[in-house]
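Here is the structure we will look at.
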Amino acid sequence: MSAGLPIKVLRRANRQIAEASDWWLANRSKAPHAFEEAMERAFNLLSFQPNAGVKVSGTRLSRVRRIHLSPIRYYLYYRVSDEGVEILSLWHSSRGSEPKL
């Protein structure tokens, strides 16, 4: 099996993921591993199928895409570059807006 594209989590996204993970562990005792599992599945998917997400328009950055992590109700924003997949932001789907990218 060939190796997938490398995943690079940008600083802002890393902070958002850490905060969401901490919240999940503190507030979702019936499914404490769901957040971690959803993120792991998403990173694996994007590594091997980087164009799986839908294109996002209206951003300052080019080529932004997102996937919906339905078990945890978050969107993961990313873009594909020559170096691999850049994770830009994690955004809860209940918010009425999109992150400023």
Against the longest principal axis of the chain, how steep is helix 11-27, in degrees 0 to 90 to the nearest 10, with axes from Cα atoms?
20
Relative frequency of Cα-Cα separations exceeding 23 Å in the chain, percent:
23
Quick check on the exposure proxy: order Phe35, Phe48 from fewest to most C-beta atoms within 10 angstrom.
Phe48, Phe35
Which cross-chain or sequence-distant (5 or more) residues have an amide H under 5 Å from the amide H of Tyr74, H modelled 1.01 Å from N in plane?
Leu69, Ser93
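Within 10 Å of each residue's Cβ, count the other Cβ atoms and sort Ile67, Ile72 from fewest upward.
On the way: Ile67 18, Ile72 21.
Going from sparsest to densest Cβ surroundings: Ile67, Ile72.
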Checking the cross-link filter: which lysines have an alpha carbon closer than 26 Å to that of Lys100, excluding same-chain neighbours under 8 positions apart?
Lys8, Lys55
If unit charges are put on Cβ atoms (+1 for Lys and Arg, -1 for Asp and Glu) and the dipole of the stretch 7-92 is taken about its Cα centre, the option from Gly58, Tyr78, Gln16 lying farthest towards the positive end turns out to be Gly58
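Can you give me the relative contact order of the stretch 7-92 as a percent, contacts being Cα pairs under 8 Å and 6 or more apart? Can you show the working numbers first?
On the way: 114 pairs, mean separation 28.4, N = 86.
RCO, the stretch 7-92: 33 percent.
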Contour minus end-to-end for Ala3 and Ser21, with contour as 0.36 nm per residue of separation and end-to-end as the Cα-Cα distance?
3.8 nm
For the chain, what is the percent of antiparallel DSSP beta bridges, rounded to the nearest 5?
85
Name the residues of the stretch 4-29 whose amide N is less than 17 Å from a point 7 angstrom out from the Cα of Asn44 along the C-beta direction?
4-7
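Where a number appears in this text, it was derived from the coordinates with a stated rule and is not lab data. This structure is a prediction, so every number in the text was calculated from the model and none was measured. No Cβ is skipped: glycine too gets one built from the backbone with ideal geometry, and neighbour counts run over all protein chains shown.
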